[in-house]
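Presented below is the structure to which this report refers.
The values are calculated or read from the model by the stated rules, or taken from the named source; none is laboratory data. Everything quoted here is computed from the prediction, not taken from an experiment. Positions of Cβ are backbone-derived with ideal geometry, glycine not excepted, and every protein chain shown enters the neighbour counts. Remember, those area values only see protein heavy atoms, side chains included, never the ligands or the DNA or RNA. Shrake-Rupley method; radii C 1.70, N 1.55, O 1.52, S 1.80 Å.
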Amino acid sequence: MAAARGTFATAQTSVSPGNGFNGGTIYYPTDTSQGTWGAVAIAPGYTARFADEEAWMGHWLASFGFVVIGVETNSLTDFDTARGTQLLAALDYLTQRSPVRDRVDPNRLSVVGHSMGGGGALVAAERRPTLKAAVGLTPFKPSGSPTGLRVPTMIMGGDRDTTVTPSYLDGLHAALPRTTQSAYLQLAGANHLFPTRANTLEMRILIPWLKAFVDDDTRYTKFLCPTLADPTGVSKYLSTCPFVPPGGSTPTPTPTPTPTVPGGACTAVYRTVNAWSGGYQGEVTVRAGDAAIDGWTVGLTLPAGQTVGQVWNGTLSASGSTVTVRNASYNGSLQASASTTFGFTADGTPPTAPLTCTSP
C-alpha cells in the first residue's frame with residue numbers, strides 16, 4: 001500500500017474551547033454518498049500543540065475515509081490521564097454535538113497520540129473498551145502499565161529515541177495483555193519527534209491499522225501480517241498475528257499445553273494461541289522453581305523444515321529445527337515460583353516435543 005493521499009476530497013473546521021478540551025480542528029471527507037465514516041481523535045505531546053506538530057495527519061487520514069479531530073489540551077502540561085479524558089471528550093463532542101456528527105459512525109471510534117498524548121491514547125482505550133483501535137506514537141504513560149487494555153493497540157517508536165527509549169517501549173508492549181491484538185514497531189533512525197512532521201513511513205503502517213480495526217476492512221491486514229508487507233525503514237516489528245478485525249472470523253486456539261520435563265531451576269510450558277493455514281502463534285510460560293533465578297534459556301524442537309518468524313519478550317537463536325530463546329533484558333530475573341511469558345510466530349504446525357528450561 002502506498003502512503004500517498006487517499007481518494008477522498010477533504011475539508012476542515014475549527015472547534016472552539018469547551019466541551020471538556022481546549023478546542024482543535026476537525027478534518028473530514030466531503031463525500032456524503034458513502035454513508036458514515038469511522039473517526040480518529042489525536043492528542044499532542046507534552047508542552048506541544050496539535051496545530052504545531054500533528055496537524056499534518058488531519059487531511060491525510062481524512063482522505064482515506066476518516067473523520068479526524070485534532071485535540072488541543074486544556075493545559076500544555078497535562079499528563080496522560082488528563083489527555084485520555086480529553087480524547088474521549090473530543091470523541092463525544094464529535095459524535096454528539098459537532099457540525100459533522102451526521103458523518104460519523106459512533107460505533108467506529110479510535111484514538112491516536114504522540115508522547116504524553118500517546119500515553120493518553122492508551123489511557124482512553126483502557127477506560128473505553130468499545131473503541132476499535134488505539135495507536136501510541138512514542139507513548140509515555142506515567143500513570144502505569146497498560147495491563148487492562150483490551151482495545152487493538154499499536155505502539156510505534158523510534159530506535160534513536162532518547163526521550164521515550166526503545167527499552168521503555170519494550171516494557172510497555174510487554175505489559176499488554178496477551179489476549180489483546182497488538183503490534184509494536186521501531187522505525188530505523190527515528191528520534192522522538194518523528195510524528196511531528198509529515199512521515200510517509202509512519203502513515204504506511206498507521207493507515208492499514210486504522211482501516212483494518214476501525215473500518216473492519218480485512219483487505220488491509222495483509223500489509224501487517226504475518227510481517228509487514230514493506231519492512232523498509234523498520235528495525236523491529238512484533239505482532240499478535242493473525243489480526244482479526246471486529247467482523248472477521250476468530251481463529252480457533254489450541255489451548256492444550258505441551259509440558260516441559262519437570263525439575264530444574266525453571267520450567268517452560270507451551271500453548272498455541274492462534275493457528276491458521278500454514279502457521280501459528282505460540283506462547284511459552286517460563287516459571288522459576290523453588291529458588292529465584294537471574295536469567296533463563298528455553299529450548300524447543302520444531303518439526304523438520306519449520307522456522308520461527310518473530311519472537312517477542314525473548315531473544316531468538318536457531319540451528320536447524322532446534323530453537324533457543326533467552327530472556328530479554330527486562331524479564332530474566334524471577335523470584336521463586338514467579339513466571340513470565342514470551343511469544344512467537346512460526347510456519348507449519350505447532351511443536352509436540354517437550355521444552356527444556358535452564359538458568360542461567
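Quick check: is even one residue across the stretch 133-155 touching a residue at least 60 places away in the same chain (Cβ under 8 Å), open to solvent by less than 20 Å² (accessible area, probe 1.4 Å), in contact with a Lys or Arg (Cβ under 8 Å, 6 or more places away or on another chain) and among the β-branched types (V, I, T)? The answer is no, given that none of the residues of the stretch 133-155 is touching a residue at least 60 places away in the same chain (Cβ under 8 Å), open to solvent by less than 20 Å² (accessible area, probe 1.4 Å), in contact with a Lys or Arg (Cβ under 8 Å, 6 or more places away or on another chain) and among the β-branched types (V, I, T). Scanning the stretch 295-310 for residues that are in a strand (DSSP E or B) and either of a type in the set (S, T, Y) or within 12 Å of T345 (Cα to Cα) (or both) gives T297, T301, V308, G309, Q310. The listed residues are Y168, Y220, Y237, and the only one of them that is in a helix (DSSP H, G or I) and either open to solvent by less than 30 Å² (accessible area, probe 1.4 Å) or in contact with a strand residue (DSSP E or B) (Cβ under 9 Å, 6 or more places away or on another chain) (or both) turns out to be Y168.
Does the stretch 206-236 hold any residues that are among the aromatic types (F, W, Y) and at pLDDT 95 or above, and which are they? Quick ask: steps written out before the conclusion?
At the first step, the residues of the stretch 206-236 found to be among the aromatic types (F, W, Y) are 209, 213, 220, 223.
Once the filter is applied, which keeps residues that are among the aromatic types (F, W, Y) and at pLDDT 95 or above, the stretch 206-236 yields W209, F213.
Within the stretch 88-107, being in contact (Cβ under 8 Å) with a residue 60 or more places away in the chain and in contact with a strand residue (DSSP E or B) (Cβ under 7 Å, 6 or more places away or on another chain) holds for A89, A90, L94, S98, P99, V100, R103, V104, D105. Residues in the stretch 266-300 that are open to solvent by less than 20 Å² (accessible area, probe 1.4 Å) and of a type in the set (F, W, Y) were compared, and the one that is nearest to P354 (Cα to Cα) is Y270.
Residues of the stretch 175-210 that are open to solvent by 10 Å² or more (accessible area, probe 1.4 Å) and outside any loop (DSSP other than H, G, I, E, B): A175, T196, T200, L201, R204.
Whenever a residue of the stretch 183-204 is in contact (Cβ under 8 Å) with a residue 24 or more places away in the chain and within 24 Å of G6 (Cβ to Cβ), its partners that are of a type in the set (S, T, N, Q) and open to solvent by less than 10 Å² (accessible area, probe 1.4 Å), lying with C-beta atoms within less than 7 angstrom and at least six residues away or across chains, give the pairs A183/S239; P195/T138.
Of all residues in the stretch 42-93, those satisfying the criterion of being more than 22 Å from the chain's Cα centre (by Cα) and either surrounded by 23 or more Cβ atoms within 10 Å (Cβ to Cβ) or under 25 Å from D216 (Cβ atoms) (or both) are H59, S63, T73, D92, Y93.
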